[in-house]
Amino acid sequence: MKIIVAIKQVPERDARIRIDTAAKWIDLTDVEFMMNESDAYALEEALQLKEAHGGPNPSEVVVLSAGPERVGKTIREALAKGADRGIHIQSDDLASFDALGVARLLAAAIKDEQADLVLTGLQSDDLGLGQTGVIMAELLSLPHASLILKIEKTDKGIKVLRELEDGWFQHLELSTPALLTIQSGNSKLRYATLMGIKKAKTKEVRVIAPADLGAEQSGRVVTLEHVVLPHKQRTTQILTGTPAEAAAKLVEKLQFEVRAI
């Protein structure tokens, strides 16, 4: 079974964010980067599938990422955790591609891999569009499902668990090859071991350019005009009624507005 996992390198969550002078994106000076969270869960699902189905023909996990040279660090992190090889679409101007353009790059890079399963995170922590994975499925003509929490291999293909709204879940069976977008939080993420870090240095990472894939920057369907930092504003609300009524209103606001419980 060959599993391809698309991963993205994003700014760390606690990074100090500043808008660049063109107001087109954030200033990346002195910003530290990390693997996108839901992509890390997609990688974990792939590695668990690989470990569960070893045998004489063990699964292969291939990580795929696009971006500048620094993205190689995130690919090596995935290799250190247990992925077998990597594909790096190296581009210093990935911001010039919209979600469709990036999906075309990723799809073109793996179209000849003949993968049984393609996994992506549900969405990226920086843009949060949630589009790349499903667009890839369309470009590759693959059946797909989103919001996946768990994957099981079956004789006919795969069985997945989807998270729906209001605490509901759904079980689906799909034939393979297929593409899934993975939800965060259902598994415990592993750390790279010292042995894994050493092995990662010798694993293959194929570096390709967008031009090698026949992908150009033209043909954008979405243009980012400018970005702004969210406006912070403090407000005060007075909860009226009896203590029991006020407590009930407070719990409701914490649950549905603040989403703290």
Q: Mark the label point 7 Å from the Cα of Leu28 along Cα→Cβ and return the residues of segment 44-74 whose backbone N is within less than 19 Å of it.
A: 64-74
Q: DSSP loop (so not H, G, I, E, B), at most 13 other Cβ within 10 Å: list which GluC sites (Glu not before Pro) in segment 46-134 pass both filters.
A: Glu69
Q: Of the listed values [x] 6, 27, 32, 21, 10, 4, 1; [y] 6, 27, 35, 22, 8, 1, 0; [z] 7, 30, 37, 20, 5, 1, 0, grab the one calculated as P(r) over Cα pairs in 10 Å bins from 0, in percent from the structure here.
A: [x]
Q) For segment 22-90 and segment 179-203, what is the separation of their Cα centres, given in Å? A) 8
Q.
On C-alpha positions alone, give me the angle between the axis of helix 37-52 and the longest principal axis of the chain, in degrees, nearest 10.
A. 50
Q. How much length, in nm to one decimal, is gained on full extension between Lys156 and Val222, taken as 0.36 nm per residue of separation minus their Cα-Cα distance?
A. 19.9 nm
Q) Can you work out ³J(HN,Hα) from phi for every residue in segment 22-32, in order, using Karplus 6.51 cos²θ - 1.76 cosθ + 1.60 and θ = phi - 60°, giving whole Hz and x for Gly and Pro? A) 7, 6, 9, 6, 7, 6, 8, 5, 6, 8, 8
Q) Pairs Lys111/Lys159; Lys24/Lys249; Lys111/Lys201: which exceed 32 Å Cα-Cα? A) Lys24/Lys249
Q: Provide Tyr41, Tyr191 in ascending order of the number of other Cβ atoms located within 10 Å of each residue's Cβ, fewest first.
A: Tyr191, Tyr41
Q) If you rank Ser184, Ser96, Ser65 by fewest surrounding Cβ atoms within 10 Å, what's the result? A) Ser96, Ser184, Ser65
Q: For Ser96 paired with Asn186, estimate the spin-label separation in nm (one decimal), with each label point 7 Å from Cα along the Cα-to-Cβ line.
A: 3.9
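Ala246 to Asp20: extension gain in nm, 0.36 nm per residue of separation minus the Cα-Cα distance?
The span from Ala246 to Asp20 would gain 76.9 nm if fully extended.
Going by how many other beta carbons lie within 10 Å of each one, how would you line up Leu139, Leu179, fewest first?
Leu139, Leu179
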Q: Let me have the 222 nm mean residue ellipticity of the chain computed from DSSP H runs of 4+ only, each contributing -39500 (n - 2.57), with the sum over all residues rounded to the nearest 500.
A: -8000 deg cm²/dmol
Q: Give, as ranges by residue number, the residues of segment 100-139 whose backbone N falls under 16 Å from the point 7 Å along Cα→Cβ of Gln170.
A: 134
**Q.** Lys, Arg +1 and Asp, Glu -1 on Cβ, resulting dipole of segment 2-213 about Cα centre, debye, nearest 20
**A.** 700
Q.
Using only Cα atoms and rounding to the nearest 10 degrees, what angle (0 to 90) does helix 71-81 make with the longest principal axis of the chain?
A. 80
Q: Enumerate the amide H contacts of Val207 below 5 Å, restricted to partners 5 or more residues apart or on another chain; note that Pro and chain-start residues carry no placed amide H.
A: His88
Q.
Given the options Ser175, Ile7, Ala78, identify the residue whose Cα lies farthest towards the positive end of the charge dipole of the chain (+1 on Cβ of Lys, Arg; -1 on Cβ of Asp, Glu).
A. Ala78
Q: Taking only Cα atoms and a 10 Å spring cutoff, compute GNM fluctuations for the chain and point out the largest among Lys188, Lys199, Lys81.
A: Lys188
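Values in this text are rule-based calculations from the coordinates and carry no lab data. As the structure is a computational prediction, the values presented were derived from the model and not from experiment. A quick note on method: Cβ atoms are made from the backbone with ideal geometry, for glycine too, and the neighbour counts reach across all protein chains shown.
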